[in-house]
Structure formats: C-alpha cells, structure tokens
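Reading through the structure tokens given below for one structure.
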Amino acid sequence: MASEFTKRIYEVVRQIPRSCVASYGQVAFLAGNPRGARGVGFAMHRSPEPGGIPCHRVVFKDGGLCGGLAFGGEGIQRALLEEEGVVFLPDGRVDMARCGWLK
C-alpha cells in the first residue's frame, strides 16, 4: 500500500499540464515534503499506472532527463515530452524557463 506522501506525489504529478514539466524537488514541495525529492524519484519509478500518471513530465531541476531504463529505453522520455511540445536546449536539457510548471 502506498504511503500518504506517495499518494500526494501522484496527485501532484497528475496536475502537470501537457507541454510542461516539474522538477522532483518541486513535486516533493507541492506534495508536502520539501526534502523528499528522492522519494518522488522512487514513486515515479514505481508508478502504479504506467501511462496514466504522466511521470515523464518530472525532470531534474536543471531540466535533465532520467536515465534510459526508467521509460523503457534511451530517448523515450524525451520523445514523449517532444510529442507534447516541450522545448529542449541545445545540450539536451528541457528549457525550464519556457516549459517549467508554476514558474
């Protein structure tokens, strides 16, 4: 059974709109635990609804993407975000200034 914090994490992530991203730390803060970014990462990895909870919209605070295995292979997270219109910088990170949620 998921903890209350984990349930709140999934509630927050479900609210991230298409073409926007949030950082692990931002999700942790909004879910009520400002120091819980690692817990957010764990929750994203263990999502009970793959495809139902938009885990691909959670990125590192600098716009970096998760490792390849988390979404089924290298480049999957980027492809999902690009499909939604998320803009990337030349170095491969998400343009957080343009696509960050709740700026």
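The values are calculated or read from the model by the stated rules, or taken from the named source; none is laboratory data. Owing to the predicted nature of the structure, the values given are computational and were not obtained by experimental measurement. Here Cβ is always computed from backbone atoms with ideal geometry, including for glycine, and neighbour counts include all displayed protein chains. SASA here: full protein model, heavy atoms, side chains in, ligands and nucleic acids out. Shrake-Rupley method; radii C 1.70, N 1.55, O 1.52, S 1.80 Å.
Odds and ends about this structure:
- By the Cα gyration tensor, the chain has an equivalent ellipsoid whose semi-axes, rounded to whole angstrom, run 21, 15, 12 from largest to smallest.
- Heavy-atom accessible area order for R57, R78, largest first, 1.4 Å probe: R78, R57
- Exposure rank, largest accessible area first [H45, H56; 1.4 Å]: H45, H56
- Under 5 Å between amide hydrogens, built in the peptide plane, is the criterion, and for V21 it picks out G100, W101 among residues at least 5 positions away or on other chains.
- Hypothetical label at K7: residues of the stretch 40-59 whose amide nitrogen lies under 17 Å (7 Å Cα-Cβ projection): 43, 47-49
- For a label point 7 Å along the Cα-to-beta-carbon line of D62, residues of the stretch 88-103 with backbone N under 13 Å: 91-94
- Only Lys, Arg (+1) and Asp, Glu (-1) charged, at Cβ; the stretch 17-86 dipole about Cα centre in debye: 320 debye
- At an R0 of 35 angstrom, the distance between the Cβ atoms of R46 and R18 translates into a FRET efficiency of 0.90.
- Sorting 3-10, 91-98 by their mean Cβ neighbour count within 10 Å, with the most densely packed peptide first, gives 3-10, 91-98.
- Only Cα pairs under 8 Å and 6+ residues apart enter the sum, and on that basis the relative contact order of the chain stands at 29 percent.
- 0 to 90° range, to nearest 10: angle between helix 4-15 axis and the chain longest Cα axis: 30 degrees
- What the phi angles of the stretch 24-33 give under the Karplus curve with 6.51, -1.76 and 1.60, with θ = phi - 60°, is a coupling list of 4, x, 5, 4, 4, 4, 5, 8, x, 9 Hz, glycine and proline written as x.
- 5 angstrom amide H check on G64, placed H, neighbours 5+ away: V94
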